[in-house]
Amino acid sequence: MKHNFFLPATIIQYDVVISGGGLAGVAAAVSAARQGARVALVESGGELGGDITKGFVPQLLDCQDKGGFVAEIFDHLNSGGHTRARRGARYDETGSKIPGTMIETEYLKSFLDKTLRDLQVEVYYHSLASFAELSEERITALLVTTEGGNLCFKAHTYVDATGNGQLAALAGCEYEFGHPTTGSPQPASMNMLVTGLPEDFPQTENNADKAKLKQVFEEAGIHVSANEIFLIRSAIDGCWVLSVNYQYDVPPDDPLALSQATRDGRIECTEVADAMRKLPGFEKLDILLISSHLGIREGRRIKGQYRLTFEDITQGHKFDDAISLVRFSIDVHAIDAADKRDHGQGKRAIPYHIPYRALLPLGCDNLLLAGRCISGDFYAHASYRVVGNVIPTGEAAGFAAAYCAREGTLPGNVDGKAVREYMESLGYQL
Ligand SMILES: Cc1cc2nc3c(=O)[nH]c(=O)nc-3n(C[C@H](O)[C@H](O)[C@H](O)COP(=O)(O)OP(=O)(O)OC[C@H]3O[C@@H](n4cnc5c(N)ncnc54)[C@H](O)[C@@H]3O)c2cc1C
């Protein structure tokens, strides 16, 4: 059967269609498929894991005491020896997972592929969710541009796990981004993997180390755009993650600005690596890979039924419809080249809940949000955006989406307390 948007497209029916194959999207797919839903996952690239795998951000944060798919990933990677603890051992004396674990991303990608294959989730790589057909604040069809032509996906419920809130924007939902006064989002970054450093070379463990390394660079006349330099041993011997690049003020809804930031980030990586070879210890530095994917810290924050705020996170607010307990504090990177890093106005987050309602976008009734595009303000986003919280948002969204398809209802009618119970049944301590 053919469907006419402005382009002809073959129609395929699913219970749940998920846009975006980052960790939130994969978690949503796993959860929906385990609830018996027929699931499609649409990913514009050729691999799963999003920022973590494509963007060379191989460090999982805020994963302690998280059950569900967070624990499954850790168990799998730990059992194969594919992790490297950043601070101390992998487990503390109570058996809890410690935050800050470097992982081998190729093994993560393969685990995600295998998990979805086993669950018969239909993954469409190199496929872009590009147009949403709407009727009365519902998505009636999603146009997906694929290598084999246009496909029209029809589902009962859709999940936006695109990181940047791309599907919600296509569906006309309102969004915000950027600092409350300047409007500038957190910087984007192009990371690289390098080799050729002495094995005992000191890595940057904290902000003071990062600033010290930047000072060494400045004194040698090497100017980098990032206000601090991140150099960490990856989980693979001899391979380091090096981050020297910040792309400031890149609006997540400006395709040309995003492309130019990608271009400029890549150019800076090679220029800085060349200059670094004159520094002691870096003489044999080689670039192994520069990411093909610009790491976006802050994309669209879609306006939802509940918007997490600075107050919620600094006062440790808890909710009956909790789906994740966030422990990670406010991590705001410099938002312009002159900055002066704003550390959340000197405040720290007190462990707080993400409520199910933050996954419900205003203005589209059969769509759920998962991952870093959920509803929150600048400071809340700067806290909950790390992997240990992104994954449970996906699991909660996948559970609710499958429930809706099964019961013929909408995400806004799902009892948030039932979603919380589901998360607790997966081992999340809320
Ligand atoms: C530089 C940097 C450093 C970071 N450091 C850490 C860290 O050390 N530890 C940590 O835990 N977190 C870190 N984070 C945050 C964390 O990596 C992200 O917030 C998290 O991975 C986001 O996951 P996600 O699934 O929501 O989105 P993403 O990982 O962005 O995944 C979204 C996916 O959707 C796909 N997509 C987008 N649009 C479409 C479309 N229209 N159709 C189809 N597919 C689409 C993309 O290709 C992508 O694969 C960092 C982020 C950055 C950028």
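The values are calculated or read from the model by the stated rules, or taken from the named source; none is laboratory data. Everything numeric here is computed off the predicted structure, so don't read it as measured data. Cβ atoms come from the backbone with ideal geometry, glycine included; neighbour counts cover every protein chain shown.
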Residue match in the stretch 354-372 (condition: more than 19 Å from Asp160 (Cα to Cα), within 16 Å of the ligand (Cβ to nearest atom), out of contact with any Ser or Thr (no Cβ under 8 Å at 6 or more places or on another chain) and modelled with pLDDT of 95 or more): no
Selection status of Ile290, hydrophobic (A, V, I, L, M, F, W, C) and surrounded by fewer than 24 Cβ atoms within 10 Å (Cβ to Cβ): yes
Odd one out for Gly316, checked against (1) buried (at least 18 other Cβ atoms within 10 Å of the Cβ); (2) on the phi > 0 side of the Ramachandran plot: (1)
Identity of the residue in the stretch 50-97, under 20 Å from Leu289 (Cβ atoms) and basic (Lys, Arg), that ends up modelled with the lowest pLDDT: Arg84
Selection from the stretch 386-411 of residues that are among the polar types (S, T, N, Q) and closer than 18 Å to Leu23 by Cα: Asn389, Thr393
Test for Ser135: is it small (Gly, Ala, Ser) and surrounded by fewer than 19 Cβ atoms within 10 Å (Cβ to Cβ): yes
Test: Leu197 is among the aliphatic types (A, V, I, L, M), part of a loop (DSSP other than H, G, I, E, B) and away from the ligand (no atom under 16 Å from the Cβ): yes
Residue match in the stretch 35-52 (condition: within 11 Å of the ligand (Cβ to nearest atom) and at positive phi): yes
Candidates Ala397, Ala402 - the one that is under 20 Å from the mean Cα position of the chain (by Cα), surrounded by 24 or more Cβ atoms within 10 Å (Cβ to Cβ) and either outside any loop (DSSP other than H, G, I, E, B) or basic (Lys, Arg) (or both): Ala397
The stretch 98-145: number of residues that are in contact (Cβ under 8 Å) with a residue 60 or more places away in the chain, out of contact with any helix residue (DSSP H, G or I) (no Cβ under 8 Å at 6 or more places or on another chain) and farther than 19 Å from Gly172 by Cα: 7
Test: residue in the stretch 284-300 that is outside any strand (DSSP E or B), away from the ligand (no atom under 16 Å from the Cβ), hydrophobic (A, V, I, L, M, F, W, C) and in contact with a strand residue (DSSP E or B) (Cβ under 6 Å, 6 or more places away or on another chain): yes
Out of Val414, Val387, sole residue that is β-branched (Val, Ile, Thr), in the same structural domain as Lys66 (by TED's automatic domain parsing) and over 29 Å from Pro58 (Cα atoms): Val414
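Let's see how each residue does on (1) touching a residue at least 40 places away in the same chain (Cβ under 8 Å); (2) more than 27 Å from Pro411 (Cβ to Cβ); (3) outside any loop (DSSP other than H, G, I, E, B):
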site: His317; (1), (2), (3): no, no, no
site: Asp320; (1), (2), (3): yes, no, no
site: Ile323; (1), (2), (3): yes, no, yes
site: Val332; (1), (2), (3): yes, yes, no
site: Asp339; (1), (2), (3): yes, yes, no
site: Ile350; (1), (2), (3): no, yes, no
site: Gly371; (1), (2), (3): yes, no, no
site: Ile374; (1), (2), (3): yes, no, no
Residue check for Thr204: of a type in the set (Ser, Thr, Tyr), touching a helix residue (DSSP H, G or I) at 6+ places or on another chain (Cβ under 9 Å) and buried (at least 21 other Cβ atoms within 10 Å of the Cβ): no
